[in-house]
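Here's the structure, in structure tokens; my notes come after.
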Amino acid sequence: VHGQTQLPLILTMLKTPTSIPIEGGDLFLFENVLPPDKSAATFNQLITDVDWQKETLFLFGRHIQVPRLTAWYGDAAYTYSGVRHEPRNWVSILNALRDLVQNKTNKPFNSVLLNHYRSGSDSMSWHSDNEPELGLNPTIASLSFGGTRRFRFRNTSDKKQTLSINLSDASLLVMAGPLQHNWQHTLPKTKKIVAPRINLTFRNIKTLGSTP
């Protein structure tokens, strides 16, 4: 029933993350933060309850459609890729997932960016989450549901230094410390047949000029 999602937070607190070695940052991976039935139900509710948008960017003198569906929810506006995104109000399923992530990370989050990758043709290009609104060394908590996709990192000073992680259903990847200053990340296209995937990246938007 919409608006009545209650996630089993007590179960998630029993799991501990894997620390992934990466120079110049902190990277942690929680796997199976929800059991398969809860994860599938969450995926379906996100499809239904989130106000998904098809975005278009103006780059290099032409309009380019973003290769995925997106949504921005939270307490503050956020500007990325040169576009200001006004927040939608939190809905029940997103509040429940925020509680789950905050329990895992012991960090506060006031906003979430959602991306729906409908097939292997949907992707995210190389970038860092280093906008001023995120503060000096932001903690970004990336929660995934649905099909497994390869998530890649490359060092900003030496692009030959790379790292790949397969993010599976009900996985939570936490990026912290100076990682966003030293590494970029991407979700590349794939020709493999993959199931649809929804990713939520929880962030804490700060008032510019406040303490990081």
Legend entry - Residues of the stretch 94-109 satisfying the condition of being open to solvent by 30 Å² or more (accessible area, probe 1.4 Å), in contact with a helix residue (DSSP H, G or I) (Cβ under 9 Å, 6 or more places away or on another chain) and not in a helix (DSSP H, G or I): K107, P108
Inset, instruction - Please go through the stretch 110-131 and pick out each residue that is open to solvent by 30 Å² or more (accessible area, probe 1.4 Å) and either hydroxyl-bearing (S, T, Y) or in contact with a Leu (Cβ under 8 Å, 6 or more places away or on another chain) (or both). - result: R118, S119, S121, M124, S125
Legend entry - Residue under evaluation S144, criteria (1) open to solvent by less than 60 Å² (accessible area, probe 1.4 Å); (2) more than 25 Å from R84 (Cα to Cα); (3) without any contact (Cβ under 8 Å) to a residue 60 or more places away in the chain, criterion not met: (2)
Inset, instruction - Might you let me know whether the stretch 159-169 holds any residue that is among the basic types (K, R) and assigned to a strand (DSSP E or B)? - result: no
Legend entry - the stretch 170-202, subset touching a His at 6+ places or on another chain (Cβ under 9 Å) and assigned to a strand (DSSP E or B), residue nearest to D158 (Cα to Cα): Q184
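The values are calculated or read from the model by the stated rules, or taken from the named source; none is laboratory data. Just so it is clear, the structure is predicted and the values come from calculations on it, not from any experiment. Here the Cβ is made from the backbone with ideal geometry for all residues, glycine too, and neighbour counts use every protein chain on show. Surface accessibility is based on the protein's heavy atoms, side chains included, excluding ligands, DNA and RNA. Shrake-Rupley method; radii C 1.70, N 1.55, O 1.52, S 1.80 Å.
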